[in-house]
1. Among the residues of the range 215-249, what is the count of those that are surrounded by fewer than 24 Cβ atoms within 10 Å (Cβ to Cβ), among the aliphatic types (A, V, I, L, M) and assigned to a helix (DSSP H, G or I)?
2. Test each condition in (1) at pLDDT 95 or above; (2) buried (at least 22 other Cβ atoms within 10 Å of the Cβ); (3) not in a helix (DSSP H, G or I) for Pro317 and report the one that comes out false.
3. Kindly check whether there is at least one residue in the range 41-59 that is surrounded by fewer than 16 Cβ atoms within 10 Å (Cβ to Cβ) and in contact with a Ser or Thr (Cβ under 6 Å, 6 or more places away or on another chain).
4. Taking the residues in the range 282-297 that are outside any strand (DSSP E or B) and touching a helix residue (DSSP H, G or I) at 6+ places or on another chain (Cβ under 7 Å) as candidates, determine which candidate is nearest to Ala245 (Cα to Cα).
5. Only residues that are assigned to a strand (DSSP E or B), touching an Asp or Glu at 6+ places or on another chain (Cβ under 9 Å) and closer than 25 Å to Ala338 by Cβ: list them for the range 28-57, please.
6. Considering only residues that are within 23 Å of the chain's Cα centre (by Cα) and either closer than 22 Å to Gly297 by Cβ or not in a helix (DSSP H, G or I) (or both), which ones fall in the range 6-18?
7. Consider Phe308 against the criteria (1) crowded, with 17+ Cβ neighbours inside 10 Å; (2) part of a loop (DSSP other than H, G, I, E, B): it satisfies all of them except one. Which criterion is unmet?
8. Kindly check whether there is at least one residue in the range 103-126 that is among the acidic types (Asp, Glu), over 19 Å from Leu360 (Cα atoms) and over 18 Å from the mean Cα position of the chain (by Cα).
Amino acid sequence: MTALPQPFDESFRAMPHAVCNKLRDEGAVHQVALPDGSAVWLVTRDQDVRAGLADARLSVNKAHSNGGYQGFSLPPALDANLLNLDHDDHIRLRRLVAQGFTPRRAEAMRAGIQAVADRLADGLARRLDNGEAADLVREFTTPLPLTVVGDLLAVPEADRQPFASWVTTMLAMESPQQVGEAIGAMHDFLRRLVAERRSAPGDDLLSALVAARDEGDRLSEDELCSLAFLVLGAGIENVQHLLSAGILALLRHPRQLEALRGDPSLLPEAVEELMRYAHPNLTAIRRFPTEPVEYGGVRIPAGDTVLFCLASANRDPERYEAPDRLDIRRPAGGAHLAFGQGMHYCLGAPLARMEIGLALETLLDRDRFPSLRPAVEPDELRWQTSFRSHALRELPLTR
């Protein structure tokens, strides 16, 4: 048997978009090997990715896998979340948690998010004013979503940073032992948090979910913990890494940066363009066909693992003119796939858009930050990279 191509090597870790673009140019669908040796079908072109993400014949439930890639193993209390449930179960849980993520609820959080962004930006500015280098990831892009989502679920202050560290360790997947320890710590923490809300409920999303579990029996105990895990993990990681990569992209494109600073009305379009251009998620979560499917003229058997390459689709020249160019005036920027497509479209999209927009506006304030630039050379930046994501570990800034 011929060995499968292994595109997720050191060149991918260094330049994932270049590798994704090359794969897309070579074909719509490729069967490749992941770093663990398991085989997956990688779908690269925008038209097929959009169709696949909305295809009801593809399941996110691992029960439909024929034994290929499934991802790292989570305990049931973390695994029964929206990313692993299909159709009826997905809709049932989505309706329960959606109350915390409506556009109206996000708008009601605007003032609080702005206050957090201002406080963090002031601290960042003080360090820069003193001639020090400051890490944007540690001092702004991590604590901002950590505070927002922590407040949404009323997570105690002392527990927020440890949880963020566990999520980062789990997604980096550099040490199996560390990943196992992080998963165990998250499991214990969430069980304790649920028990605390059960004994002393408050006016927060987790308390509402506990009430739905206990009073209406509309979700299981595992589903309850899993929802809290997903809201905390995804709510922190996605915003944190998109903001870091977005700011870096603007610093690398000074004309775009100055255009945005000169015309704040471009901010909504800029947010969408940065999501298309710099989103950290390279692929969507794995899916398993419940019957044979075909994309790009390639037949994929039932039960095989399918990965839809968001990074490639978001830079597909068949949809976007000059797709490797950052253009904050790009028309129809909202057509990107950063939030997914179909049933699994990101529930937190309104809140994420607001956070990112407010954060960018705050960091682009000329009075607070008359100038910003990276404090290290491009090849000195440290990235957390897997086949799933490409995220900055740190972004040292200076004047």
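1. Summing the residues that are surrounded by fewer than 24 Cβ atoms within 10 Å (Cβ to Cβ), among the aliphatic types (A, V, I, L, M) and assigned to a helix (DSSP H, G or I) in the range 215-249 gives 6.
2. Among (1) at pLDDT 95 or above; (2) buried (at least 22 other Cβ atoms within 10 Å of the Cβ); (3) not in a helix (DSSP H, G or I), the lone unmet condition for Pro317 is (2).
3. So far as the range 41-59 goes, yes, one or more of its residues are surrounded by fewer than 16 Cβ atoms within 10 Å (Cβ to Cβ) and in contact with a Ser or Thr (Cβ under 6 Å, 6 or more places away or on another chain).
4. Here the answer is Leu282.
5. Val29, Val40, Trp41
6. Once the filter is applied, which keeps residues that are within 23 Å of the chain's Cα centre (by Cα) and either closer than 22 Å to Gly297 by Cβ or not in a helix (DSSP H, G or I) (or both), the range 6-18 yields Pro7, Phe8, Asp9, Met15.
7. Against the list (1) crowded, with 17+ Cβ neighbours inside 10 Å; (2) part of a loop (DSSP other than H, G, I, E, B), Phe308 comes up short only on (2).
8. Going through the range 103-126, the residues among the acidic types (Asp, Glu) turn out to be 107, 118, 122.
Adding the requirement that they be over 19 Å from Leu360 (Cα atoms) leaves none.
Looking through the range 103-126, none of the residues is among the acidic types (Asp, Glu), over 19 Å from Leu360 (Cα atoms) and over 18 Å from the mean Cα position of the chain (by Cα).
The values are calculated or read from the model by the stated rules, or taken from the named source; none is laboratory data. Predicted, not measured: the structure shown is a model, and the values here were computed from it. A quick note on method: Cβ atoms are made from the backbone with ideal geometry, for glycine too, and the neighbour counts reach across all protein chains shown.
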